[in-house]
Amino acid sequence: MKKTHQSSHLAGFVPYALAAFLIGTVGGFTAVLGPAFVKDLGLDYNNTTWTALAMSVSTAAFAPILGKLGDVIGKRITLLLGILIFIVGNVMTALAPSLGWMLAARFVVGTGSAAIAPVVIAYILSEFPADRVSGGFSLYMLISSAAVIFGPTLGGLIINQWGWRTMMWICVAISVSVLLACLVTGKPDKGTTKSLSGFDGLGGVLVLLFFSLLLCIPSFGQNFGWGSQAFLLVLLSAVLSLIALIWTERNAAAPILQGSFMKRRAFILSVTALFLTQGLMQANMTNVIVFVNYTQPQNAVISGYAISIMYLGMSLGSILLGPLADQCEPKRILLASFFITGIGCALMLLFSPATSVLLLAASLGILGFGLGANATILMRVVLWGIPADRAGAATGTYGLFRDLAAPFGVAVFVPLFTNRVTQSISQGASEISSALGAVRLLAIAELACVAVGSVAVMLLPNIHKRKEERNP
């Protein structure tokens, strides 16, 4: 009987695994999209902030909305809908003639991703045996990160040979193939779906509005000035939308954001740690590409190799350290993974004008190993004890903040790097010396974030001892 149940939950996981593979694969290819796009259109490199942010905003802000939708209309339908939206966004990206079009296209791609990730995690949380949930999360992280390993390198090679549009059409073909595979392998959800009547639509709109504005605050401040009219307008709009969101969710019968879940100490501290570390991944990918473009413009493929190594490190970290959260206290493993993350950041202080692929790969690979481990374990800590009938909503709520971590890193660390480079060049410094100064400042800032994140981890509850937290 046990073997039959095991086969059943793994067989049902196939379309969700394929969707996770899709997001990882296309994400790997498009890791080199932003710099290639702005270079092709003759735009300043700091516009990579906006291309990365456009996708990150929708990925994060739509997560709780579409996660809760998965509880209502079913995980399978939500999964297929997400893949379809993902395909539309990638087609729009391949056709993009301008920066505005590209921003809209990446926003649509992020919306598709936001529908996929929460239902994949919700399936693991609700269908996997309780003593194998951490293993399921590790499997999910392994699929997601392993799928990206060769993407940046292959993407860089395709761009150098045929251009970024050809790369995007390849991504479209992969997406369509996965959609067809999911249609064939998918099975209907267990139980009956619920009616959309009473769905917190206004709350969903305000969630999207507030968190989109929240992510824009650091980017607008660094790009337009902290006292500029544009920044102040975004800040005021964010405050007003937050007030409206709080009022709406307090009065909603079934709110998008679950207050009782978000008040848990495990949630607050885990999210704090995520913001201080996971944002390093997306930001460092963009910054390393830009750094290489400044210092070794004749060797653009080198950054693709290094980023592939980073995802290899993430795969190894998730599969080697992640499952240990089912066997011993997660805090101990988390502290070790944060220390490893810090080593990866510290190696950036050794970058030079002729930085070898070995040093780039060592820095990003070690960083990736630490991030792959702590992302998996933090997911286990924050979702520990959530009932199956609340899996979608809880996963979506956590997914919002988890996915905010990457755009938060992009919004803070990418402008910190690119604007520092631009400022130094405007003051008469060479491009190479400006890039070196900026990357070293970036490394110091990231080490400070890792240190504060480690403190948050030490304050996490001991979930193997606190049984009362099983039913939040």
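So the values come out like this:
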| read-out | value |
| --- | --- |
| Odd one out for Phe261, checked against (1) modelled with pLDDT of 85 or more; (2) more than 20 Å from the chain's Cα centre (by Cα); (3) aromatic (Phe, Trp, Tyr); (4) within 26 Å of Ser138 (Cβ to Cβ) | (1) |
| Among the candidates Ile289, Ile340, Ile302, residue that is closer than 26 Å to Val457 by Cβ and either hydrophobic (A, V, I, L, M, F, W, C) or outside the structural domain of Leu404 (by TED's automatic domain parsing) (or both) | Ile340 |
| Total residues in region 338-365, condition in contact (Cβ under 8 Å) with a residue 12 or more places away in the chain and either within 18 Å of the chain's Cα centre (by Cα) or not in a helix (DSSP H, G or I) (or both) | 9 |
| Residue that is of a type in the set (Ser, Thr, Tyr), over 19 Å from the mean Cα position of the chain (by Cα) and at negative phi, where the choices are Ser113, Ser98 | Ser98 |
| Qualifying residue in region 312-323 (condition: under 24 Å from Val57 (Cα atoms), out of contact with any strand residue (DSSP E or B) (no Cβ under 7 Å at 6 or more places or on another chain) and surrounded by 24 or more Cβ atoms within 10 Å (Cβ to Cβ)) | yes |
| Residue in region 65-84 that is within 23 Å of Val271 (Cβ to Cβ) and within 15 Å of the chain's Cα centre (by Cα) present | no |
| Complete set of residues in region 87-129 that are in a helix (DSSP H, G or I), under 20 Å from His9 (Cβ atoms) and not acidic (Asp, Glu) | Ile116, Ala117, Pro118, Val119, Val120, Ile121, Ala122, Tyr123, Ile124, Leu125, Ser126 |
| Residue, modelled with the highest pLDDT, within region 139-194, restricted to residues that are aromatic (Phe, Trp, Tyr) and either more than 26 Å from Pro323 (Cβ to Cβ) or not assigned by TED's automatic domain parsing to the domain that holds Ser8 (or both) | Trp169 |
| Any chance Ala273 is at pLDDT 80 or above, in the same structural domain as Val38 (by TED's automatic domain parsing), part of a helix (DSSP H, G or I) and more than 19 Å from Ala60 (Cα to Cα) | no |
| Region 246-279, subset out of contact with any helix residue (DSSP H, G or I) (no Cβ under 6 Å at 6 or more places or on another chain) and under 20 Å from Asp71 (Cα atoms), residue surrounded by the most Cβ atoms within 10 Å (Cβ to Cβ) | Met262 |
| Some residue of region 327-342 being among the polar types (S, T, N, Q), crowded, with 19+ Cβ neighbours inside 10 Å and modelled with pLDDT of 85 or more | yes |
| Test: residue in region 252-263 that is of a type in the set (Val, Ile, Thr), over 20 Å from Leu43 (Cα atoms) and not in a helix (DSSP H, G or I) | yes |
| Residues within region 219-232 that are surrounded by 14 or more Cβ atoms within 10 Å (Cβ to Cβ) and not polar (S, T, N, Q), tallied | 5 |
| The listed residue being within 30 Å of Phe224 (Cα to Cα) and buried (at least 23 other Cβ atoms within 10 Å of the Cβ), out of Gly89, Gly82 | Gly89 |
| Ser113 being crowded, with 24+ Cβ neighbours inside 10 Å and either of a type in the set (Ser, Thr, Tyr) or touching a strand residue (DSSP E or B) at 6+ places or on another chain (Cβ under 9 Å) (or both) | yes |
| Options Leu84, Leu69, Leu80: the member that is assigned to a helix (DSSP H, G or I) and under 24 Å from Ala405 (Cα atoms) | Leu69 |
| Condition broken by Trp50, with the remaining ones in (1) under 23 Å from Gly201 (Cα atoms); (2) touching a Leu at 6+ places or on another chain (Cβ under 9 Å); (3) at pLDDT below 80 satisfied | (1) |
| Qualifying positions in region 369-397 - among the aromatic types (Phe, Trp, Tyr) and at pLDDT 80 or above | Phe369 |
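The values are calculated or read from the model by the stated rules, or taken from the named source; none is laboratory data. Everything numeric here is computed off the predicted structure, so don't read it as measured data. All Cβ positions, even for glycine, are placed from backbone atoms using ideal geometry, and neighbour counts span all protein chains on display.
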